[in-house]
Amino acid sequence: MRKSGILLHISSLPSKYGIGKMGKSAYDFIDFLSNAGVKCWQVLPISPTSFGDSPYQSFSVYAGNPYFIDFEQLKSDGILKKSDYDSIKWDTNSKEIDYKRIYENTFKVLKIAYKNYRNDLSAFYFRFTEDNKYWLDDYALFMALKFANKGVAWNEWSAPFALRDEEVIAKAKEDYKKDIDFFKFIQYKFFRQWTNLKQYANDKGIEIIGDMPIYTAYDSSDVWCNPELFLLDENKKPIDVAGCPPDEYSLTGQLWGNPLYNWKVHKEGTTADKLTVKITNKNNANAKPEAYKWWRKRIKFATKLFDVVRIDHFRGFESFYAIPATDETAENGEWRIGPGAELFKIIEKKLGKLNVIAEDLGFITPEVDAMLKEVGYPGMKVLQFGFGGDSENTYLPHNFTTSNTVVYTGTHDNPTLKGWVSSLNKKTIKHCFEYLNVEKKKEIPNAVIRLAWSSCAEYAIAQMQDFLGNDENSRMNTPSTLGINWKYRISDNDLNDDVLKQIKYLNKLFNRFYEMPKKGG
């Protein structure tokens with residue numbers, strides 16, 4: 001089935017409260033997609049954001065972002081009054097997110113809701129906390145301690161807390177019980193709202209594509225609680241960190257700073273895993289811990305949240321770039337072998353065939369290609385990468401070798417099409433004119449969208465900015481920069497009939513229009 005999709009993060013949805021939420025505007029956007037015949041809504045990671053406000057640097061690989069919780073629904077639940085949130089000044093610019101204001105006010109409002117809810121804890125709440133105990137308990141404690149330490153990273157806490165001294169942690173669970181319960185409540189409300197929103201989309205036949213970063217943030221409950229799974233020293237400090245080598249776009253490479261995985265431990269099991277197996281299998285000397293257990297749990301959770309999971313930096317499973325943690329650039333890194341297709345084969349034995357999109361951009365080797373063929377997941381083609389070279393460029397649709405592909409006009413890391421065109425040199429503009437059969441620069445953006453929709457790729461996806469004709473100021477993220485990203489917002493007026501008709505026209509013209517089958521005869 002040929003499908004179309006729109007990439008727009010929840011944070012960018014229209015809202016009176018400074019940032020997009022899982023409320024009316026999200027439901028309206030789903031209606032918009034349905035009316036335009038769009039099959040897929042792609043979002044970025046929905047986890048809590050940390051330093052730099054990036055959804056790819058989160059306090060947890062499991063938790064949901066409190067900023068997205070809809071206040072109006074909490075009001076309908078009877079635990080907020082409109083005056084609790086409506087009088088707050090949430091932004092100074094309706095086109096940009098002011099994360100400082102969001103941070104300073106969101107938790108104040110949610111604490112009011114928590115105070116009003118605590119006296120009426122439901123069976124749903126207790127079921128949620130029990131089902132998610134394997135990550136929620138650690139995360140809630142982590143956040144309680146982080147707030148108690150004025151937001152500083154866990155490695156800056158006093159040593160007994162940073163190194164998780166058993167007696168100190170046990171006492172902290174008692175001392176901070178109310179705060180721990182508060183953060184559990186936040187997650188409960190987030191996932192209740194998310195589940196309802198996803199169900200609404202699915203009922204209209206719309207799939208949600210969700211993004212899963214390959215790496216975790218160092219300042220996360222995942223690393224704090226599971227140091228054995230990462231390349232850390234005896235003081236829980238990274239030995240090597242993640243990034244990308246130098247290339248024509250970045251002469252010193254990209255230094256992401258995420259801790260790297262200790263793949264040997266992931267495969268063979270942690271000390272605690274081995275001890276558990278030994279105790280429960282006294283009569284079976286050959287019993288072993290489950291291989292890649294942490295990954296199996298993480299991916300299983302993601303498949304419940306999303307209909308399709310896009311795994312960021314997928315090539316890192318074949319081999320990953322390791323940079324000494326003390327370096328200030330990525331120039332001195334080295335490539336190391338990852339788990340490869342084995343990881344996904346083992347997981348699929350437990351979970352069945354996964355519905356995954358592999359982000360296979362960047363430095364791709366024959367070994368990476370072989371891994372992708374072995375797992376069978378569709379890779380990505382970004383049309384912005386196709387122009388300015390020769391006719392053999394693999395990002396140009398005439399070179400697509402399979403329909404098992406997802407073609408993008410651009411991703412969240414790319415400029416908008418209008419911004420991209422404004423930056424092109426004469427040679428690339430000439431190539432665009434010839435390939436797209438247009439004569440003016442202003443015609444290029446729509447021609448690129450049309451090219452994506454007309455391709456043989458099963459999925460054709462564009463950023464909402466490209467359909468709105470937004471310029472470079474509407475870019476979602478510029479890699480290797482801080483303070484200017486993840487702020488993009490749309491207004492209710494942007495989702496108008498003209499835009500809807502444009503998308504619907506393309507979907508019908510290129511056999512990507514999706515319409516829910518009518519019930520009955």
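The values are calculated or read from the model by the stated rules, or taken from the named source; none is laboratory data. The shown structure was predicted, so the numbers you read here are calculated from the model rather than taken from an experiment. Virtual Cβ from ideal backbone geometry, glycine too; neighbours counted across all protein chains shown.
Listed conditions (1) assigned to a helix (DSSP H, G or I); (2) within 25 Å of residue 510 (Cβ to Cβ) are all met by residue 373, apart from (2). For segment 318-346, taking the residues that are β-branched (Val, Ile, Thr) and in contact with a Leu (Cβ under 7 Å, 6 or more places away or on another chain), the one that is surrounded by the most Cβ atoms within 10 Å (Cβ to Cβ) is identified as 323. Could you tell me whether residue 28 is in contact (Cβ under 8 Å) with a residue 60 or more places away in the chain, more than 28 Å from residue 225 (Cα to Cα), in a helix (DSSP H, G or I) and of a type in the set (Asp, Glu)? It is true that residue 28 is in contact (Cβ under 8 Å) with a residue 60 or more places away in the chain, more than 28 Å from residue 225 (Cα to Cα), in a helix (DSSP H, G or I) and of a type in the set (Asp, Glu).
Of everything in segment 204-253 that is polar (S, T, N, Q) and surrounded by fewer than 21 Cβ atoms within 10 Å (Cβ to Cβ), the residue that is nearest to residue 8 (Cα to Cα) is 250. Within segment 492-506, none of the residues are touching a Pro at 6+ places or on another chain (Cβ under 9 Å), of a type in the set (Val, Ile, Thr) and closer than 19 Å to residue 416 by Cα. The residues in segment 474-493 that are surrounded by 15 or more Cβ atoms within 10 Å (Cβ to Cβ) and part of a helix (DSSP H, G or I) can be counted, and the count is 1. Taking residue 123, is it loosely packed, with under 11 Cβ neighbours inside 10 Å and among the small types (Gly, Ala, Ser)? Judged against the criteria, residue 123 is a match. Residues considered: 183, 161. Of these, the only one that is of a type in the set (Phe, Trp, Tyr), under 17 Å from residue 47 (Cβ atoms) and touching a helix residue (DSSP H, G or I) at 6+ places or on another chain (Cβ under 9 Å) is 183.
Within the option set 496, 511, 507, being within 20 Å of residue 459 (Cα to Cα) and either more than 27 Å from the chain's Cα centre (by Cα) or surrounded by fewer than 16 Cβ atoms within 10 Å (Cβ to Cβ) (or both) holds for one residue only, 511. For segment 401-422, residues that are out of contact with any Pro (no Cβ under 7 Å at 6 or more places or on another chain) and closer than 23 Å to residue 254 by Cβ total 10. Taken over segment 31-57, the criterion of being β-branched (Val, Ile, Thr) and either modelled with pLDDT of 95 or more or part of a loop (DSSP other than H, G, I, E, B) (or both) is satisfied by 38, 43, 46. Here 206, 180, 186, 214 are screened, and the one residue that is touching a His at 6+ places or on another chain (Cβ under 9 Å), on the phi < 0 side of the Ramachandran plot and aliphatic (A, V, I, L, M) is 214. Suppose the filter is surrounded by 18 or more Cβ atoms within 10 Å (Cβ to Cβ), of a type outside the set (A, V, I, L, M, F, W, C) and modelled with pLDDT under 95; does residue 117 pass it? When the stated conditions are applied, residue 117 passes them.
Only one of the listed residues (395, 377) is farther than 30 Å from residue 441 by Cβ and either more than 25 Å from the chain's Cα centre (by Cα) or of a type outside the set (Val, Ile, Thr) (or both). That residue is 377. Consider segment 423-458 and keep the residues that are hydroxyl-bearing (Ser, Thr, Tyr) and under 25 Å from residue 473 (Cα atoms). The one that is surrounded by the most Cβ atoms within 10 Å (Cβ to Cβ) is 428. Within segment 114-137, residues that are free of Cβ contacts under 8 Å to residues at least 60 places away in the same chain reach partners that are not β-branched (Val, Ile, Thr) and not in a loop (DSSP other than H, G, I, E, B) with beta carbons closer than 8 Å, at six or more positions or on different chains, in the pairs 129/136; 129/184; 129/188.
Scanning segment 294-317 for residues that are more than 21 Å from residue 381 (Cα to Cα) and surrounded by 15 or more Cβ atoms within 10 Å (Cβ to Cβ) returns 294, 295, 296, 297, 298, 299, 301, 302, 303, 305, 306. Of the helices (runs of 4 or more DSSP H) lying entirely inside segment 400-461, those containing at least 2 residues that are in contact with a helix residue (DSSP H, G or I) (Cβ under 8 Å, 6 or more places away or on another chain), hydrophobic (A, V, I, L, M, F, W, C) and within 26 Å of residue 312 (Cα to Cα) span 417-422, 444-454. Across segment 351-383, the number of residues qualifying as touching a residue at least 60 places away in the same chain (Cβ under 8 Å) and surrounded by fewer than 19 Cβ atoms within 10 Å (Cβ to Cβ) comes to 2. Screening the candidates 169, 102 for the property of being closer than 19 Å to residue 55 by Cβ and surrounded by 14 or more Cβ atoms within 10 Å (Cβ to Cβ) yields one hit, 102. Restricting the first member to segment 223-237 and to residues that are under 12 Å from residue 260 (Cα atoms), and the second to residues that are surrounded by fewer than 14 Cβ atoms within 10 Å (Cβ to Cβ), the beta-carbon pairs closer than 9 Å and six or more apart or on different chains are 228/271; 228/272. Only one of the numbered conditions (1) surrounded by fewer than 13 Cβ atoms within 10 Å (Cβ to Cβ); (2) aliphatic (A, V, I, L, M); (3) farther than 30 Å from residue 132 by Cβ is violated by residue 279, and that is (3). Could you tell me which residue of segment 60-98 is nearest to the chain's Cα centre (by Cα), considering only residues that are among the small types (Gly, Ala, Ser) and part of a helix (DSSP H, G or I)? My answer is 76.
Of the candidates 99, 176, the single residue that is touching an Asp or Glu at 6+ places or on another chain (Cβ under 6 Å) and of a type in the set (Ser, Thr, Tyr) is 99. Going through segment 139-160 one residue at a time, which ones are crowded, with 19+ Cβ neighbours inside 10 Å and not hydroxyl-bearing (Ser, Thr, Tyr)? Selection gives 140, 141, 142, 143, 144, 145, 146, 154. When 292, 261 are checked against the criterion of being in contact (Cβ under 8 Å) with a residue 12 or more places away in the chain and closer than 17 Å to residue 217 by Cβ, 261 stands alone in meeting it.
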